[in-house]
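*Asks:* Sharing a structure here in structure tokens format.
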Amino acid sequence: MKKRIAVLASGRGSNFQAMIDAIQACQIPADCVALITDNPKAYAIERAEKAGIPRIVIDYTSFPSREVYERALLSAMQEVNADLFVLAGYMRILGTSIVRAFPGKMVNIHPALLPSFTGLHAQRQAVEYGVKIAGCTVHFVDESLDGGPIILQGIVPVLDDDDEDSLANRILVQEHICFPEAVRLFCEDRLTIVGRKVIIR
Ligand code: GRF
């Protein structure tokens, strides 16, 4: 049976687009039931519109506090009733109340080979550190920062003349492959979390 997935994105939404394309190509047995964004100017909103996906804008700046914002976000997420929440460039850290509400039902993509280079500007961190290999990681979301069980990773070389942007572009190509693939595995019920490990059947 098809799963219901909802995507959370804050910006240009190229990973969201990769997900839409994979669903339309019948590579993922799922329906995308909502785009949820904290940013009314996100280009992801236009992508959703084109694909006929309902948009839910929960503008962070219109709330008096983070707590009130998170309550609104939580109830929107409960209402869409998704089997999986896909964080595709969602630029706000989700509070514990949200993470705890959807255990094993939320995945994120991070543009680094975790556990290296967590947090913001991961590609810049990789260039500055001087690593020779970089990449992306799709992982389940838990209460740690970029620390949940890893589903898939994609790797790219780091070249001597790379800067943050050139490396980010190379990693992005891998993101667009790994993320839909990880979501496909989830939707086919092929992922089991065992402690820190994700077993793929
Ligand atoms: C990606 O690099 C992703 O890894 C990170 O944020 C970026 C989002 O890009 N979490 P896009 O909005 O999907 O184009």
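*Asks:* How many residues are within 14 Å of HIS176 (Cα to Cα) and among the β-branched types (Val, Ile, Thr) if we restrict to segment 128-159?
*Replies:* Of the residues in that region, 4 qualify.
*Asks:* Of all residues in segment 1-58, count the ones that are part of a loop (DSSP other than H, G, I, E, B) and within 14 Å of the ligand (Cβ to nearest atom).
*Replies:* 10
*Asks:* Continuing with the same structure: Somewhere in segment 180-195, is a residue touching a His at 6+ places or on another chain (Cβ under 8 Å) and within 14 Å of the ligand (Cβ to nearest atom)?
*Replies:* No, every residue in segment 180-195 fails to be touching a His at 6+ places or on another chain (Cβ under 8 Å) and within 14 Å of the ligand (Cβ to nearest atom).
*Asks:* Now, a different point. Please state which of the following conditions THR96 fails to meet, knowing it meets all the rest: (1) touching a residue at least 40 places away in the same chain (Cβ under 8 Å); (2) under 28 Å from ILE45 (Cβ atoms); (3) open to solvent by less than 60 Å² (accessible area, probe 1.4 Å).
*Replies:* (3)
*Asks:* Same structure, new question: Restricting attention to segment 157-190, report how many residues are among the aromatic types (Phe, Trp, Tyr) and open to solvent by less than 20 Å² (accessible area, probe 1.4 Å).
*Replies:* Within segment 157-190, residues that are among the aromatic types (Phe, Trp, Tyr) and open to solvent by less than 20 Å² (accessible area, probe 1.4 Å) number 1.
The values are calculated or read from the model by the stated rules, or taken from the named source; none is laboratory data. All values derive from a computational prediction rather than experimental measurement. Because the Cβ atoms are built from the backbone with ideal geometry, glycine has one as well, and the counts that use them run over all protein chains shown. We work out accessible area using only protein heavy atoms, side chains counted, and drop any ligands, DNA or RNA first. Shrake-Rupley method; radii C 1.70, N 1.55, O 1.52, S 1.80 Å.
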